[in-house]
Amino acid sequence: MFRLQGSKVLAVDMTQDAVKAKNGSMVAYDGEMAFKKLSGGGEGIRGMVTRRITGEQMTVMEVRGQGTCWFADRASEITLVGLQGDKLYVESSNFLAADAGLRTGTSFTGTRGASQGNGLFTTTIEGHGQAAIMSDGPAVVLRVSAQYPLTVDPGAYVAHQGNLRQSFQSGVTFRTLFGEGGGEAFQIRFEGDGLVYVQPSERNTIAGDV
């Protein structure tokens, strides 16, 4: 069971079950807990190939036991996401925890990932259960529909779920308007039906120079 204590601490109540969490994010626990480091980059052969080609890892630990474990990371705001057999795409740096029964993997992001300095792959979480994602400031959940596509600055993007198509378009970002970027910038455009999570504080990217 996932629950928030305040907006920056995740409490997970466990009864001999397990949770996957960002390595080093445990801040306290009661009861009996066992910790095991898992391989990054996702499960199976694809995860192994991803790590070999890119050298990228999402460093994750498995926590199993009886009691309550509390997680937090750099006082980031935490948002709970419920999955009902669908897939959540989240930047690796914004992942905090997920039910151990959820499948984790990687998805190729190409230009967007490289321009953000986060690499070429985004973490995927799929199945039935709960996940916790982090943001710099309270995350805003924006609905995308066929009538209302959404355009997002790559530095503000956190995660998305649903039947969404991504494309990349050149244009002037807010930072370019105010002289904080240089060259030609790009934005991420989402079309379809789903949800996009954005943060109010943009991470540093080199999008303005791409």
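The values are calculated or read from the model by the stated rules, or taken from the named source; none is laboratory data. The structure presented is a predicted model; accordingly, all values stated were derived computationally and were not measured. Quick reminder, even Gly has a Cβ in these numbers, built from the backbone with ideal geometry, and neighbours come from all protein chains shown. Note: areas computed on protein heavy atoms with side chains; ligands, DNA, RNA excluded. Shrake-Rupley method; radii C 1.70, N 1.55, O 1.52, S 1.80 Å.
Picking from THR111, THR104, THR122, which residue would you name as being open to solvent by 10 Å² or more (accessible area, probe 1.4 Å), modelled with pLDDT under 90 and within 14 Å of the chain's Cα centre (by Cα)?
Unique residue meeting the criteria: THR104.
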(request) Only residues that are of a type in the set (A, V, I, L, M), at pLDDT 95 or above and either within 20 Å of THR123 (Cα to Cα) or open to solvent by 30 Å² or more (accessible area, probe 1.4 Å) (or both): list them for the range 135-149, please. (result) ALA139, VAL140, VAL141, LEU142
(request) Please tell me if SER167 is more than 30 Å from GLN5 (Cβ to Cβ), in contact with a Lys or Arg (Cβ under 7 Å, 6 or more places away or on another chain), at pLDDT 75 or above and surrounded by fewer than 16 Cβ atoms within 10 Å (Cβ to Cβ). (result) yes
(request) Quick one: count up the residues across the range 16-33 that are assigned to a loop (DSSP other than H, G, I, E, B) and open to solvent by less than 50 Å² (accessible area, probe 1.4 Å). (result) 1
(request) May I ask you to verify whether ASP13 is modelled with pLDDT of 85 or more, over 28 Å from GLU202 (Cα atoms) and open to solvent by 60 Å² or more (accessible area, probe 1.4 Å)? (result) no
(message) Suppose we filter TYR197, TYR157 for residues that are open to solvent by less than 30 Å² (accessible area, probe 1.4 Å), under 16 Å from SER92 (Cβ atoms) and modelled with pLDDT of 95 or more; which single one remains?
(response) TYR197
(request) Only residues that are of a type in the set (Val, Ile, Thr) and in a strand (DSSP E or B): list them for the range 58-104, please. (result) VAL60, VAL63, THR68, ILE78, THR79, VAL81, VAL90, THR104
(request) State which residue is modelled with the lowest pLDDT when the search covers only the range 47-89 and only residues that are surrounded by fewer than 13 Cβ atoms within 10 Å (Cβ to Cβ) and either charged (D, E, K, R) or closer than 18 Å to LEU102 by Cβ (or both). (result) ARG52
